[in-house]
Structure formats: structure tokens, C-alpha cells
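Laboratory data are not the source of any read-out in this text; all were calculated from the coordinates shown. The structure presented is a predicted model; accordingly, all values stated were derived computationally and were not measured. All Cβ positions, glycine included, derive from the backbone under ideal geometry; neighbour counts span all protein chains shown.
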Amino acid sequence: MQLPLPVYLMDVKQNILDAISPRKDIDGLSTLHQKEKLILPATPIAVLHMIDHYEYNVQGKTIAMLGNSNLIGKPLAFALEYKGAFVTVFTDESDQEEMKRFCREESDMIISATGQIHLVDKEFVRDDRSQVVIDIGRGYKDGKAAGDVQREEIEENVYGITPVP
């Protein structure tokens, strides 16, 4: 099943996802996988591999997770908490000023998976090169690939930053 579904199927989206055999539900979007946390979808696994590759220890770190989707935000937050990180999740309903303040003042790492192009700007980061920013969002602006993060605006202020996905 490829998401997003057409608007006319949104009311039955979870029923359709639950009809997929749990053995074939590689994204872990069925109710069973969501409740039992049986598998991690591919993108959270890729982020964890990247963090491990660069030997960044998340244990005891404060992480701002922007986005709470069942495909990325929720399972990635769960996996990072399992590794000992303190994760605060922000959604579209979160107070935007509080989100910016938390990211700037409290977070060691910002992971953005909102799909809101260029959401994360210099107001989200400190200028002491102590933070890591991971951009998972993807869209297009002016015909070019763009992520959630305004990379050019903040890259000089952070310790590490990923490119546009």
C-alpha cells in the first residue's frame, strides 16, 4: 500500500493498512505493529545507522523530534528513547514559539520530519556549534529538492547537519 491515499479513502486508511499481513507490513503501519512496536520502518533505521556510523552517542542527549507520523516520528522517537535519549516530540499543533525555544535552548539534536519546507531556520539553533540537525523532510521549492531545514542559513552554527534528503 502506497501512502498517501486518495482523499476519498482517508476514512478507511487504517482498515486498509490493517488488511496487510503483519509479515509483509515492512513499514510497520498496521495497528498490531504500532501497538507492539514489532519492527522499525526503513527511514528510522537509516537515521539510527547514520547516527551510529558517525559514532554520535545519543544516551543522555536531549532530542527535539519535529513530526509525529507513524512512519517516521513515532518509531524514531521510540528507538532513540530506547537508546537512552530524552526525546520531546513536536507536532503541527505544538506551539511554534515553544518548539523554537526548546530546539534552541535545550536540544542537543534536532530531527525534522515534518515535510514543511525550510521550517527549521536560525531561530531553532544556537550559534555555538554544539547541535546536530537531521533533515528527513523532503519537498520541492522552485523546482528543486528542498528539505525541512534551511541548511545554508544554519550550517555554520551547528556541529553536524545532513543534506537535503
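Inclusion of SER30 among residues that are surrounded by 17 or more Cβ atoms within 10 Å (Cβ to Cβ) and within 23 Å of PHE124 (Cα to Cα) is not warranted. Taking the stretch 1-69 as the region of interest, the helices (runs of 4 or more DSSP H) fully inside it that hold 2 or more residues being within 30 Å of ARG104 (Cα to Cα), within 18 Å of the chain's Cα centre (by Cα) and in contact (Cβ under 8 Å) with a residue 60 or more places away in the chain are 42-53.
Residue count for the stretch 73-86 satisfying the condition of being closer than 18 Å to HIS49 by Cα and touching a strand residue (DSSP E or B) at 6+ places or on another chain (Cβ under 9 Å): 8. Might you check whether a residue that is of a type outside the set (Ser, Thr, Tyr), under 13 Å from the mean Cα position of the chain (by Cα) and closer than 25 Å to SER130 by Cα occurs anywhere in the stretch 89-101? For the stretch 89-101, residues of a type outside the set (Ser, Thr, Tyr), under 13 Å from the mean Cα position of the chain (by Cα) and closer than 25 Å to SER130 by Cα: present.
Per-residue answers, yes or no, for (1) farther than 26 Å from ILE134 by Cβ; (2) out of contact with any helix residue (DSSP H, G or I) (no Cβ under 7 Å at 6 or more places or on another chain); (3) buried (at least 18 other Cβ atoms within 10 Å of the Cβ):
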position	(1), (2), (3)
MET1	yes, no, no
ILE20	yes, yes, no
GLN34	no, yes, no
MET50	no, yes, no
